[in-house]
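Chemist: Let me give you the structure first, and then I'll get to my questions.
The values are calculated or read from the model by the stated rules, or taken from the named source; none is laboratory data. All figures in this text were calculated on a predicted structure; none of them were measured in a lab. When we count neighbours, we look across all protein chains shown, and the Cβ atoms used for this are built from the backbone with ideal geometry, even at glycine.
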Amino acid sequence: MKNKLYVLNSSLWLLLLLAIGAVAQAQTPVGPQTLPGVIRIKLKEESGVLQKVGSQAVTTSSMQQPLSIGIAPFDALNTQYNAQSMKRVFPHGGKYEDRQRHHGLHLWYEIAIDQNASVTAAAKDYSRLGEVAISKPVYKKVFEEGEPKQIVLPPDVEGMPFDDPFLKIQWHYNNRGQSNGTPGRI
């Protein structure tokens, strides 16, 4: 009897793990959802790249020559993916730069690579560098399709004790009696 329960329990756990894996696999965006030729990286605070790049955008002088910043492993990947530029994702904050630094926004950079290169492979390769904390492709922003929600306006507001001409469109004042209230009462 214990053996049957063990087999049944193991089977249920295996089925649950497979279902979770399938859901996770289905939610991973690949292919056309990424922008070609662009990846984003977050450098480590103590990174030598950060000292070399600073807050300036770095570009190559010609399209034939890949980006070089003077750190061998980083430059090797730049050559492999024909990187042409590296710029801050969040521009210099001026008088608010200390706040950006506090939250680590100065560490995010966007690297322009060859348009034909795989951005997922490039992101994976850059993430293996010791200077990089996070590396990921840039995903396309897409509007979701759907039906607009119906807004329920309050009933006649003419008899209300307010002189607000926009009371009719303030749908959040529509008392339908929720929370043991009196419907229609403001």
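Chemist: Can you give me the number of residues within the range 88-108 that are surrounded by fewer than 12 Cβ atoms within 10 Å (Cβ to Cβ) and assigned to a helix (DSSP H, G or I)?
Modeler: Count: 6.
Chemist: Go through (1) in contact with a Pro (Cβ under 9 Å, 6 or more places away or on another chain); (2) free of Cβ contacts under 8 Å to residues at least 40 places away in the same chain; (3) not in a helix (DSSP H, G or I) one by one and return the number of the condition Phe143 breaks.
Modeler: Result: Phe143 fails condition (1) only.
Chemist: Could I ask something else about it? From Val49, Val23, grab the single residue that is modelled with pLDDT under 70 and in a helix (DSSP H, G or I).
Modeler: Val23
Chemist: Against the conditions (1) surrounded by 14 or more Cβ atoms within 10 Å (Cβ to Cβ); (2) at pLDDT 90 or above, where does Arg128 fall short? Just the number, please.
Modeler: Here Arg128 clears every test but (1).
Chemist: Now a separate question. I'm checking my understanding of the structure. Among residues of the range 153-182 that are assigned to a loop (DSSP other than H, G, I, E, B) and among the β-branched types (Val, Ile, Thr), which one is modelled with the lowest pLDDT?
Modeler: Val157
Chemist: Can you find a residue in the range 110-117 that is under 18 Å from Pro73 (Cα atoms), modelled with pLDDT of 90 or more, part of a helix (DSSP H, G or I) and in contact with a Lys or Arg (Cβ under 6 Å, 6 or more places away or on another chain)?
Modeler: No, the range 110-117 contains no residue that is under 18 Å from Pro73 (Cα atoms), modelled with pLDDT of 90 or more, part of a helix (DSSP H, G or I) and in contact with a Lys or Arg (Cβ under 6 Å, 6 or more places away or on another chain).
Chemist: So is Gln150 in a loop (DSSP other than H, G, I, E, B) and at pLDDT 80 or above or not?
Modeler: no
Chemist: Can you tell me which of Asn78, Asn82 is surrounded by 15 or more Cβ atoms within 10 Å (Cβ to Cβ), of a type outside the set (Ser, Thr, Tyr), in contact with a Ser or Thr (Cβ under 8 Å, 6 or more places away or on another chain) and farther than 13 Å from Arg40 by Cβ?
Modeler: After ruling out the rest, the residue left standing is Asn78.
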